[in-house]
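Have a look at the structure below before the remarks.
The values are calculated or read from the model by the stated rules, or taken from the named source; none is laboratory data. Fair warning: this is a prediction, and the values are worked out from it, not measured in the lab. Don't worry about glycine lacking a Cβ; one is built from the backbone with ideal geometry, like all the others, and counts go over all protein chains shown. In case anyone asks, the SASA skips ligands and DNA or RNA and just uses the protein heavy atoms, side chains included. Shrake-Rupley method; radii C 1.70, N 1.55, O 1.52, S 1.80 Å.
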Amino acid sequence: MKVFKVIGLVLVGIIALTVVMAGFGMIGLKQARTLEIQSVNLSEVSDGVYTGVYDNARWSNTVKVTVKDHKIISVDIIKSGNSSQIMVLDEIISTVIDRQQVDIDTVSGATATTNSLLKAIENALE
């Protein structure tokens, strides 16, 4: 009987932890999904390294954007709440650099991740 109580307590603990983790993952999700990313006029951005932050629970990002000759030449992620999705983040950065704009289409299935990174980049360039 004591074994069943221990097993029951372990199961309840696992369920509680799962619910808490799922809840944390949902904080700020709607806001990140509905972010509006504004176009940035790179002809108005001087050469330099700019830091941008978007702060929204799990969807937070801090980036450094390097601009030379009015072109984005690199975007480095300093801190990200989405580091588990590094391939998606790399794809977003590559697209921003290739297209030289921040208002790009979101990655399918990763709208919140895409928007939160793009907003940090936009904030760096403002």
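Of all residue pairs spaced 6 or more apart or on separate chains, those with beta-carbon atoms under 8 Å, a first member in region 1-26 that is within 30 Å of Ala110 (Cβ to Cβ) and a second member that is modelled with pLDDT of 75 or more and of a type in the set (A, V, I, L, M, F, W, C) are Phe24/Ala57. Among the residues making up region 100-126, none is more than 18 Å from Ile27 (Cα to Cα), among the β-branched types (Val, Ile, Thr) and under 8 Å from the mean Cα position of the chain (by Cα).
Conditions tested, residue by residue: (1) open to solvent by less than 30 Å² (accessible area, probe 1.4 Å); (2) of a type in the set (A, V, I, L, M).
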{"residue": "His70", "(1), (2)": "no, no"}
{"residue": "Ile73", "(1), (2)": "no, yes"}
{"residue": "Ser80", "(1), (2)": "yes, no"}
{"residue": "Gln85", "(1), (2)": "no, no"}
{"residue": "Leu89", "(1), (2)": "yes, yes"}
{"residue": "Ser94", "(1), (2)": "no, no"}
{"residue": "Asp98", "(1), (2)": "no, no"}
{"residue": "Ser108", "(1), (2)": "no, no"}
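Given the criterion under 17 Å from Asn123 (Cα atoms) and open to solvent by less than 90 Å² (accessible area, probe 1.4 Å), identify the matching residue among Thr18, Thr34, Thr62.
Checking each option against the conditions leaves just Thr62.
The combined condition, being in contact with a Gly (Cβ under 6 Å, 6 or more places away or on another chain), in a helix (DSSP H, G or I) and crowded, with 18+ Cβ neighbours inside 10 Å, is fulfilled by Ala120. In this structure, Ile86 qualifies as free of Cβ contacts under 8 Å to residues at least 24 places away in the same chain and hydrophobic (A, V, I, L, M, F, W, C).
Scanning region 56-94 for residues that are among the acidic types (Asp, Glu) and in contact with a strand residue (DSSP E or B) (Cβ under 6 Å, 6 or more places away or on another chain) gives a single hit, Asp76.
Selection within region 38-72: residues that are of a type in the set (A, V, I, L, M, F, W, C) and modelled with pLDDT under 95. The member of this set that is farthest from the chain's Cα centre (by Cα) is Ala57.
Just to be sure, is Ala112 in a helix (DSSP H, G or I), in contact with a Lys or Arg (Cβ under 7 Å, 6 or more places away or on another chain) and crowded, with 18+ Cβ neighbours inside 10 Å?
So Ala112 fits the description; yes.
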